[in-house]
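Student: Please read through the structure below; I'll follow up with questions.
The values are calculated or read from the model by the stated rules, or taken from the named source; none is laboratory data. This one's a predicted model, so the numbers in the text were calculated from it and none came from an experiment. In this analysis, Cβ positions are derived from the backbone assuming ideal geometry, glycine residues included, and neighbour counts consider all displayed protein chains.
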Amino acid sequence: MSLDLQVTTLKHEWIAEAGRVQGRAFFDDPAFVFTFPDDERRREGLPWLMQIGVAYGERFGHVDTTAGTMIGHAVWLPPGRTELSPSRMEDVGFVEAPRHLKEDELERFGAFVDTMAAAHERFVPGPHWYLMVLGVEPAHQGQGAGSALIAPTLARADAEGLPCYLDTAKERNLAFYRRHGFEVRDEQRVPGGGPRVWAMVREPREGAR
């Protein structure tokens with residue numbers, strides 16, 4: 001079944017709820033199963049971690065969500081702001097991480113972030129758009145919400161003649177992103193027993209400008 005969705009910009013006061021939505025959306029994602037191997041710890045810690053990601057996008061980029069019932073989000077960072085700056089992470093609350101994550105969980109999450117940051121810098125050194133997070137409530141996945149959420153910024157990137165970048169640790173996502181023009185540029189494994197991760201780049205489409 002396909003959903004009839006309207007896309008709107010996330011409001012600041014919706015960030016906490018967005019974190020809970022993304023906690024459910026990413027509960028089975030290999031990157032976060034690696035970060036939180038225990039299911040109960042993942043239920044506790046992941047919504048807060050995803051809230052930080054949404055807050056970062058809301059402050060330093062933009063977050064698209066669904067109008068009415070909030071079932072998903074696309075978190076984008078714009079050209080010139082695609083690096084995850086430690087000082088900006090502190091600004092949106094990551095300084096509180098030791099209260100929410102255990103030391104070993106922080107270490108595993110850091111290994112994942114560092115692995116993907118190195119690939120990010122290597123494959124798109126110039127101006128580009130970064131799709132930092134795309135997640136949809138599990139009950140609504142496969143119904144067109146993800147496509148609707150990323151469509152506006154993909155169109156903007158095409159109009160600007162800029163590439164887009166994303167990374168994912170879920171292999172089944174690759175076909176979805178390929179349908180939207182992304183291609184795999186790198187595949188590697190996160191050190192310390194982590195998951196396989198893929199870096200994907202979408203070149204701007206001709207004729208869109």
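Student: Hey, any hits in the range 195-206 for a residue that's modelled with pLDDT under 95 and of a type outside the set (Ser, Thr, Tyr)?
Tutor: yes
Student: So, one more: So the check is Cβ under 7 Å with 6+ separation or different chains; which pairs have a first residue in the range 178-197 that's within 16 Å of residue 29 (Cα to Cα) and in a loop (DSSP other than H, G, I, E, B) and a second one that's modelled with pLDDT of 95 or more and among the aromatic types (Phe, Trp, Tyr)?
Tutor: 190/34; 190/112; 194/34; 194/112; 195/34
Student: Condition test on residue 159, is it modelled with pLDDT of 95 or more, more than 16 Å from the chain's Cα centre (by Cα) and small (Gly, Ala, Ser)?
Tutor: yes
Student: Further question on the same structure: May I ask you to list the residues in the range 34-43 that are surrounded by fewer than 19 Cβ atoms within 10 Å (Cβ to Cβ) and either under 20 Å from residue 156 (Cβ atoms) or in contact (Cβ under 8 Å) with a residue 12 or more places away in the chain (or both)?
Tutor: Across the range 34-43, the qualifying residues are 41, 43.
Student: Next question, about the same structure. Looking at the range 152-166, is at least one residue within 21 Å of residue 80 (Cβ to Cβ) and of a type in the set (Asp, Glu)?
Tutor: yes
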